[in-house]
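Comments concern the structure below.
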Amino acid sequence: MDRKGFYRGICLIFGICLLLGGCGAAAEPSEGSAPAALEEEGVPASGSPGRNQAGGAAAQGSSAGKPDPSKSTEEIPSGSRDSKPVALVPEASGETVYEKELAVMDASHTEDGYVMVEYLGQVEKVKLQVETPEGVTYTYTKGKGMEVFPLTGGDGDYKISVWEQRPAKGDYLNVFNQTVTAELADVFSPYLYPNQYVNFSPDSKAVALGAELVSGAADDLDAVTRIYTYITENITYDMDKARSVQSGYVPVVDEILDSGTGICFDYAAVMATMLRTQRIPTRLEIGYAGDVYHAWISTHIDGVGWVNGIIQFDGSEWQLMDPTFAANSSSSALKDFISEGDNYQVKYLY
């Protein structure tokens, strides 16, 4: 790939943040560990999608139907990159298990960056918390069966807890606590395996479609470009869903592809699925741009590193730019605010 092509590829990677940027929500996930702090998580779903988010304003809230691979991207010269998908499958293999009356955790694969937890009780609303070695607490709405939860804080001790809601008292009761120590064999593992938010299997349609899209790609940059272009051209932003989505919502990637619509959380999950199963480590990130709650993704490209800024390259210099905001304002003050990296705060990695 020549220098011009390389920079074009980088710019398109950073364009992912355009797709996932304008996703404000009313509240962030709770960081508390006491029962009273176990509030519903905010979903980064609302806000203006911007002119470049899939489909544009005219398509908001409409259904695009099944995506058409023929619309994915312009012709790109074929390359030698292996496009065979690798959908890693988490295992509750039973080597290291912690069980109490109302919950069981399989921690046999902490070196791969995940634990699996199942709630065994009958209460309808249940929360699970993961406290990282740095003391950041992730709060999840626990679903049915054995689910995967990533260990995204690197090596160290993680505190896992499960909480039942007590409607009569308006709080939550702790029914499970366990601390596990993780020593990751590969720092990228948490961003290659599926989890509750980026959930896929070898049989997922998104996995097969991702492989189809990148067939013949020259390298990882080319693969990211093809997937990004396809999603922006085939999935429209669903404003109705953004206004009505409830806390605890979890994307289902194949349903998003079938409907052809979604909110930013959905875009992130579909793109992360396709990229992870093409062996490209991908983080789903949630945080703030100023006071606005956002979701975006970052990818790791060999020879480049983590592509994790909202950056635009004009041929001579790099600058931070959130195109979702920029598309809706020409204010130089707004652009100055956006260009200050400290205004972007990543709070959670999935």
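The values are calculated or read from the model by the stated rules, or taken from the named source; none is laboratory data. It should be emphasised that the depicted structure is a prediction, and the values quoted were computed from it without experimental measurement. Positions of Cβ are backbone-derived with ideal geometry, glycine not excepted, and every protein chain shown enters the neighbour counts.
Summary of values
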read-out: ALA211 being hydrophobic (A, V, I, L, M, F, W, C), assigned to a helix (DSSP H, G or I) and surrounded by fewer than 21 Cβ atoms within 10 Å (Cβ to Cβ); value: yes
read-out: Residue, surrounded by the fewest Cβ atoms within 10 Å (Cβ to Cβ), within the range 176-202, restricted to residues that are touching a helix residue (DSSP H, G or I) at 6+ places or on another chain (Cβ under 8 Å), at pLDDT 95 or above and of a type in the set (Ser, Thr, Tyr); value: THR181
read-out: Pair list, Cβ < 7 Å and 6+ apart or interchain, from the range 148-165 residues that are on the phi < 0 side of the Ramachandran plot to residues that are basic (Lys, Arg); value: VAL162/LYS142; TRP163/LYS127; GLN165/LYS125
read-out: Test: residue in the range 158-172 that is modelled with pLDDT of 95 or more and loosely packed, with under 15 Cβ neighbours inside 10 Å; value: no
read-out: Matching residues in the range 239-289 - criterion: being out of contact with any Pro (no Cβ under 9 Å at 6 or more places or on another chain) and among the charged types (D, E, K, R); value: ASP240, LYS241, ARG243, ASP254, GLU255, GLU285
read-out: Checklist (1) closer than 29 Å to GLY287 by Cβ; (2) at pLDDT below 50 applied to PRO77, failing item; value: (1)
read-out: Residues located in the range 152-188, provided they are touching a strand residue (DSSP E or B) at 6+ places or on another chain (Cβ under 7 Å) and not in a strand (DSSP E or B); value: THR152, ASP155, PHE188
read-out: Helices (runs of 4 or more DSSP H) contained entirely in the range 248-350, each with at least 3 residues that are surrounded by fewer than 19 Cβ atoms within 10 Å (Cβ to Cβ), at pLDDT below 65 and not aromatic (Phe, Trp, Tyr); value: 332-339
read-out: Among (1) modelled with pLDDT under 95; (2) over 19 Å from the mean Cα position of the chain (by Cα); (3) among the hydrophobic types (A, V, I, L, M, F, W, C), the one test that LEU213 misses; value: (1)
read-out: Residue match in the range 103-110 (condition: at positive phi and surrounded by 18 or more Cβ atoms within 10 Å (Cβ to Cβ)); value: no
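Condition check ((1) of a type in the set (Val, Ile, Thr); (2) without any contact (Cβ under 8 Å) to a residue 60 or more places away in the chain; (3) in contact with a Ser or Thr (Cβ under 9 Å, 6 or more places away or on another chain)) across all residues:
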{"residue": "TYR230", "(1), (2), (3)": "no, no, yes"}
{"residue": "ILE235", "(1), (2), (3)": "yes, no, yes"}
{"residue": "SER244", "(1), (2), (3)": "no, yes, no"}
{"residue": "TYR249", "(1), (2), (3)": "no, no, yes"}
{"residue": "VAL252", "(1), (2), (3)": "yes, yes, no"}
{"residue": "ILE256", "(1), (2), (3)": "yes, yes, no"}
{"residue": "ILE263", "(1), (2), (3)": "yes, no, yes"}
